[in-house]
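Engineer: Pasting a structure here, questions to come.
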Amino acid sequence: MSDVVVPEGGFWPAPEIPQPNIYPMEWRVETEKLAAIYEKSKRMVWNPADLPWDTLDPREFTAEQRLGIMYWFSVLANFDASGPAVFARATIQAFEKHEEDPVRKCFFSITRDEMNHEECCQRAIARLWPGGPLDWQPSTDLERAAHNNIGWLYHNGGRYWNGYNTAVGKYSLAVLFTSFMMGEMAASTLFRGMASGTEHPLFSDMFHKIGRDESRHLQICMTILENEWPGLTDDVRGLITRQLRAGFVFLSMILWEPPEGFWELPPYFLHNHRVLMDHAREGGLGVLSYEEQAGNWRLAMARVRAIVERWGIEFPAIPELDIDGVDVDVIDPEDIIPVF
Ligand SMILES: [Fe+2]
Ligand SMILES: [Fe+2]
């Protein structure tokens with residue numbers, strides 16, 4: 001039985017696999033730097049369950065502060081808790097499009113990290129407000145306002161998810177990753193700010209760890225974009241300008257305050273949002289002031305701008321932060337890609 005069968009007339013070629021498809025399997029490496037980042041990501045994995053959760057004592061907070069902090073984590077979850085599903089889908093797409101192996105692996109590592117960030121939202125909420133974000137009965141006006149705002153927030157999260165699902169297959173890596181890059185820039189900015197602002201050691205530890213992950217995600221995005229940007233056409237450049245505006249509009253909900261142009265919210269939402277954020281701030285979570293947030297967000301935008309302009313991509317106007325640039329009209333859910 002040691003001899004193989006060699007058919008007369010030669011082996012039959014296997015049928016060509018219609019693409020996109022994850023087969024045939026291959027492990028092509030073009031960007032060593034990405035492979036190195038993936039190795040680093042494996043070594044730096046941490047476990048949210050190992051944070052000292054028993055030091056987060058609900059009795060140290062007033063009911064309003066607990067509600068405010070739960071509310072903040074529910075807002076964060078609109079972004080960070082969508083991360084695993086968003087990047088899992090991007091990972092599948094990278095396999096189907098036969099992106100080089102380190103690209104696929106880096107996507108997977110972001111998915112893994114985002115699952116940890118999601119778990120932080122889950123655990124912080126479970127500790128301070130059992131049943132949160134939505135599976136509890138509000139009994140005061142403040143509680144009803146929080147519950148209702150979270151419902152509206154996730155209504156918009158749902159619109160984003162539907163839009164992303166339609167859009168993800170349409171965009172090239174350059175477009176997808178410029179948007180992701182903006183999300184990671186926003187995320188690393190946010191967590192750096194909050195890590196320095198929080199008064200609680202558990203939150204400080206958590207924000208430092210998440211911030212470190214987000215910086216690595218940013219590094220992954222930048223490395224992929226350095227490969228993708230040189231081949232850009234003007235059409236794609238225009239699309240990216242639009243995506244950057246979409247990113248600002250979407251991410252401002254957690255970085256600052258939601259601007260006009262995408263969010264479907266009732267008229268009282270913003271006022272109640274501010275009241276709840278004030279309670280979270282008073283609880284020592286590390287939520288920066290309105291002005292500090294605007295300052296950080298402006299700085300993050302300036303960084304993104306400096307990066308994209310090197311590649312001839314125009315920056316959109318952000319009048320909300322006094323940033324001039326190209327006017328972009330109304331943003332649709334399909335325009336929004338950013339995630340944390
Ligand atoms: Fe991230
Ligand atoms: Fe994240």
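The values are calculated or read from the model by the stated rules, or taken from the named source; none is laboratory data. Predicted, not measured: the structure shown is a model, and the values here were computed from it. Counting neighbours? That spans all protein chains shown, and the Cβs are built from the backbone with ideal geometry, glycine included.
Engineer: What's the total number of residues in the stretch 77-107 that are farther than 21 Å from Y154 by Cα and either more than 13 Å from ligand 1 (Cβ to nearest atom) or in contact (Cβ under 8 Å) with a residue 60 or more places away in the chain (or both)?
Structural biologist: Within the stretch 77-107, the first condition is being farther than 21 Å from Y154 by Cα, and the residues that meet it are 90-107.
After this cut, where a residue has to be either more than 13 Å from ligand 1 (Cβ to nearest atom) or in contact (Cβ under 8 Å) with a residue 60 or more places away in the chain (or both) as well, the list is 90-106.
Here the count works out to 17.
Engineer: I224 is checked against (1) within 14 Å of ligand 1 (Cβ to nearest atom); (2) outside any helix (DSSP H, G or I); (3) aliphatic (A, V, I, L, M) and fails just one. What number does that condition carry?
Structural biologist: Failed condition: (2).
Engineer: Please find, among L270, L251, L244, L218, the residue that is surrounded by fewer than 20 Cβ atoms within 10 Å (Cβ to Cβ) and not in a loop (DSSP other than H, G, I, E, B). Reasoning before the result, please.
Structural biologist: Working: L251 fails: surrounded by fewer than 20 Cβ atoms within 10 Å (Cβ to Cβ); L244 fails: surrounded by fewer than 20 Cβ atoms within 10 Å (Cβ to Cβ); L218 fails: surrounded by fewer than 20 Cβ atoms within 10 Å (Cβ to Cβ).
Within the list L270, L251, L244, L218, the selection yields L270.
Engineer: I need a count of the residues in the stretch 201-214 that are farther than 16 Å from F87 by Cα and within 14 Å of ligand 2 (Cβ to nearest atom).
Structural biologist: The first filter runs over the stretch 201-214 and keeps only residues farther than 16 Å from F87 by Cα, leaving 201-212.
Now narrow it down to the ones that are within 14 Å of ligand 2 (Cβ to nearest atom): 206-212.
Final tally of qualifying residues: 7.
Engineer: Let me ask something else. Please enumerate the residues belonging to the stretch 149-178 that are over 16 Å from the mean Cα position of the chain (by Cα), over 18 Å from G247 (Cβ atoms) and without any contact (Cβ under 8 Å) to a residue 24 or more places away in the chain.
Structural biologist: G151
Engineer: While we're on this one: Tell me which of these V308 doesn't satisfy, since it passes every other one: (1) crowded, with 16+ Cβ neighbours inside 10 Å; (2) within 25 Å of Q65 (Cβ to Cβ).
Structural biologist: Of everything listed in (1) crowded, with 16+ Cβ neighbours inside 10 Å; (2) within 25 Å of Q65 (Cβ to Cβ), V308 misses just condition (2).
Engineer: Exactly one condition in (1) touching a Ser or Thr at 6+ places or on another chain (Cβ under 8 Å); (2) surrounded by 15 or more Cβ atoms within 10 Å (Cβ to Cβ) is not met by V326; state its number.
Structural biologist: Every condition holds for V326 apart from (2).
Engineer: Next up: Looking at the stretch 30-40, can you tell me whether even one residue there is more than 29 Å from L276 (Cα to Cα), modelled with pLDDT of 95 or more, among the basic types (K, R) and within 16 Å of ligand 2 (Cβ to nearest atom)?
Structural biologist: Of the stretch 30-40, the ones more than 29 Å from L276 (Cα to Cα) are 30-40.
From what's left, modelled with pLDDT of 95 or more: 30-40.
So of that shortlist, the ones also among the basic types (K, R) come out as 33, 40.
Subset that is within 16 Å of ligand 2 (Cβ to nearest atom): none.
No.
So that you can scan it fast, the table gives a plain yes or no per residue for (1) assigned to a loop (DSSP other than H, G, I, E, B); (2) surrounded by 12 or more Cβ atoms within 10 Å (Cβ to Cβ):
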| residue | (1), (2) |
| --- | --- |
| N21 | yes, no |
| K33 | no, yes |
| I37 | no, yes |
| K42 | no, no |
| W46 | yes, yes |
| D54 | no, no |
| R59 | no, no |
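Engineer: From the list L128, L142, L173, L202, which residue is over 30 Å from Q93 (Cβ atoms) and in contact with an Asp or Glu (Cβ under 7 Å, 6 or more places away or on another chain)? Let's see the steps before the verdict.
Structural biologist: Values: L128 fails: in contact with an Asp or Glu (Cβ under 7 Å, 6 or more places away or on another chain); L173 fails: over 30 Å from Q93 (Cβ atoms); L202 fails: in contact with an Asp or Glu (Cβ under 7 Å, 6 or more places away or on another chain).
Every option except L142 fails the conditions.
Engineer: Would you say S2 is outside any loop (DSSP other than H, G, I, E, B) and either more than 30 Å from I224 (Cα to Cα) or modelled with pLDDT of 95 or more (or both)? Spell out the reasoning first.
Structural biologist: Details: outside any loop (DSSP other than H, G, I, E, B): no; either more than 30 Å from I224 (Cα to Cα) or modelled with pLDDT of 95 or more (or both): yes.
No: the conditions fail for S2.
Engineer: Okay, next question. Kindly establish whether F73 is modelled with pLDDT of 95 or more, away from ligand 2 (no atom under 16 Å from the Cβ) and hydrophobic (A, V, I, L, M, F, W, C). Quick ask: steps written out before the conclusion?
Structural biologist: Values: modelled with pLDDT of 95 or more: yes; away from ligand 2 (no atom under 16 Å from the Cβ): no; hydrophobic (A, V, I, L, M, F, W, C): yes.
Against the criterion (modelled with pLDDT of 95 or more, away from ligand 2 (no atom under 16 Å from the Cβ) and hydrophobic (A, V, I, L, M, F, W, C)), F73 does not qualify.
Engineer: Considering the stretch 312-340 alone, what residues qualify as being modelled with pLDDT under 90 and either within 16 Å of ligand 1 (Cβ to nearest atom) or closer than 20 Å to L176 by Cβ (or both)?
Structural biologist: Our first condition is that a residue be modelled with pLDDT under 90; within the stretch 312-340, this holds for 326-340.
Listed by number, the residues that qualify are V328, I331, D332, P333, E334, D335, I336, I337, P338, V339, F340.
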